[in-house]
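The structure appears below as structure tokens.
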Amino acid sequence: MNNVIGIDLGGTAIKLGRFTADGKCLQSITVDTPQPPTPEAVLLTIVEAIAQVDPDNQSVAIGVGTPGPADAAGRVAKVAINLAGWHDVPLADWLEAKTGKPTILANDANCAGLGEAWLGSGRNFQDLILLTLGTGVGGAIILDGKLFVGRHGAAGELGLITLNPDGPMCNSGNSGSLEQYACISAIRRRTGKEPIELGKLAQNGDIQALKFWQEYGRDLGIGLTSLIYILTPQAIIIGGGVSASFEYFLSSMQAEIEKRVLPTSSVDLQILPAKLGNSAGMVGAAKLAFTVIN
């Protein structure tokens, strides 16, 4: 049976797993990202880790999720957030030369979306959006069961849509992007607290924390309204670290969407928490790898 390797490349850790076509994980490993994470050092670390996760050289392809956009063909890591010196790195070519296995890249949020669509909360849907709420706000769009990346590979930056034209500046150059209201640093800025702390306070019935999560859900709902009108997904899946407090912002988010979206654009829409946690990127990278052999 064909099996592939999925790799989730992060700023501090690299996760690798070997998967069968039906989603069974045969072996997995997490290794530290070399510091400094130069492209050459990362390549060496990945090649060594592949040998550990696939000692008998049974895998037939490699998928890699990178923390930043890849080109549309899935060959080049254009830039990589948290990886200094990564600009137009031909990582797929390099890995193919070292391993002899066809290789494909995608950004990590897109891989997380593929993972959730394959084995997670999205497995019963053909059209879905994944929103990752963490250090930034990332996204993935799955249409007709396939990842949509656009002509140049950069589509699906869902966190960078405008929520408030007069809001805080975003690294993208936009002002008041959804990310500036929904990411971890935005939550700190708004409350002086960490999301995990606000989640515990809400769990204990703290009025201020519960009020914050209601406001947070409202902002998220407003941002999602634009995306629903454009994409009319069957499901919206909410992942990333902040999704640990999903139950506290779900109702206000849903209320905002119901208020703002015409029923014709939100027929049977489901909003669900992500299921795969930190393994979503690795799982999705493996799903991506199957696309180069099928």
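The values are calculated or read from the model by the stated rules, or taken from the named source; none is laboratory data. Fair warning: this is a prediction, and the values are worked out from it, not measured in the lab. So basically every Cβ, Gly included, is an ideal-geometry build from the backbone, and we count neighbours across all protein chains shown. SASA here: full protein model, heavy atoms, side chains in, ligands and nucleic acids out. Shrake-Rupley method; radii C 1.70, N 1.55, O 1.52, S 1.80 Å.
Summary table
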{"read-out": "Criterion (within 30 Å of residue 53 (Cβ to Cβ) and among the β-branched types (Val, Ile, Thr)) met by exactly one of 237, 222", "value": "237"}
{"read-out": "Filter pass, residue 178 being in contact with a Phe, Trp or Tyr (Cβ under 6 Å, 6 or more places away or on another chain), in contact (Cβ under 8 Å) with a residue 12 or more places away in the chain and under 20 Å from residue 229 (Cα atoms)", "value": "no"}
{"read-out": "Candidate set from segment 153-162 (those that are open to solvent by less than 40 Å² (accessible area, probe 1.4 Å) and assigned to a loop (DSSP other than H, G, I, E, B)); member that is modelled with the lowest pLDDT", "value": "153"}
{"read-out": "Every pair of residues 6+ apart whose Cβ atoms lie under 8 Å, when the first sits in segment 221-232 and is on the phi > 0 side of the Ramachandran plot while the second is aliphatic (A, V, I, L, M)", "value": "232/267"}
{"read-out": "Filter result for the condition that a residue is within 30 Å of residue 9 (Cβ to Cβ), at pLDDT 95 or above and open to solvent by 40 Å² or more (accessible area, probe 1.4 Å), over 293, 237, 196, 222", "value": "196"}
{"read-out": "Strands (runs of 3 or more DSSP E) lying entirely in segment 1-73 (those with 2 or more residues that are charged (D, E, K, R))", "value": "13-20"}
{"read-out": "Sole exception among (1) farther than 30 Å from residue 106 by Cα; (2) touching a helix residue (DSSP H, G or I) at 6+ places or on another chain (Cβ under 8 Å); (3) of a type in the set (Gly, Ala, Ser) for residue 192, by number", "value": "(2)"}
{"read-out": "Within segment 41-97, considering residues that are over 19 Å from the mean Cα position of the chain (by Cα) and among the charged types (D, E, K, R), the one least open to solvent (accessible area, probe 1.4 Å)", "value": "54"}
{"read-out": "Qualifying residue in segment 216-225 (condition: closer than 15 Å to residue 121 by Cβ, part of a helix (DSSP H, G or I) and out of contact with any Ser or Thr (no Cβ under 8 Å at 6 or more places or on another chain))", "value": "no"}
{"read-out": "Qualifying residue in segment 71-80 (condition: in contact with a Lys or Arg (Cβ under 9 Å, 6 or more places away or on another chain) and under 22 Å from residue 151 (Cβ atoms))", "value": "yes"}
{"read-out": "Whichever residue in segment 10-30 is open to solvent by 30 Å² or more (accessible area, probe 1.4 Å) and of a type in the set (Val, Ile, Thr) and, among such residues, is nearest to residue 51 (Cα to Cα)", "value": "29"}
{"read-out": "Cβ-Cβ under 9 Å pairs, at least 6 apart or on other chains, segment 256-273 side under 16 Å from residue 217 (Cβ atoms), far side aliphatic (A, V, I, L, M) and surrounded by fewer than 18 Cβ atoms within 10 Å (Cβ to Cβ)", "value": "273/244"}
{"read-out": "Residue match in segment 269-290 (condition: more than 24 Å from residue 196 (Cβ to Cβ), basic (Lys, Arg), open to solvent by 40 Å² or more (accessible area, probe 1.4 Å) and in contact with a Gly (Cβ under 8 Å, 6 or more places away or on another chain))", "value": "yes"}
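Conditions (1) in contact with a helix residue (DSSP H, G or I) (Cβ under 7 Å, 6 or more places away or on another chain); (2) among the hydrophobic types (A, V, I, L, M, F, W, C); (3) under 22 Å from residue 135 (Cβ atoms), marked per residue:
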{"position": "1", "(1), (2), (3)": "no, yes, no"}
{"position": "10", "(1), (2), (3)": "no, no, yes"}
{"position": "23", "(1), (2), (3)": "yes, no, no"}
{"position": "50", "(1), (2), (3)": "yes, yes, no"}
{"position": "61", "(1), (2), (3)": "yes, yes, no"}
{"position": "64", "(1), (2), (3)": "yes, yes, yes"}
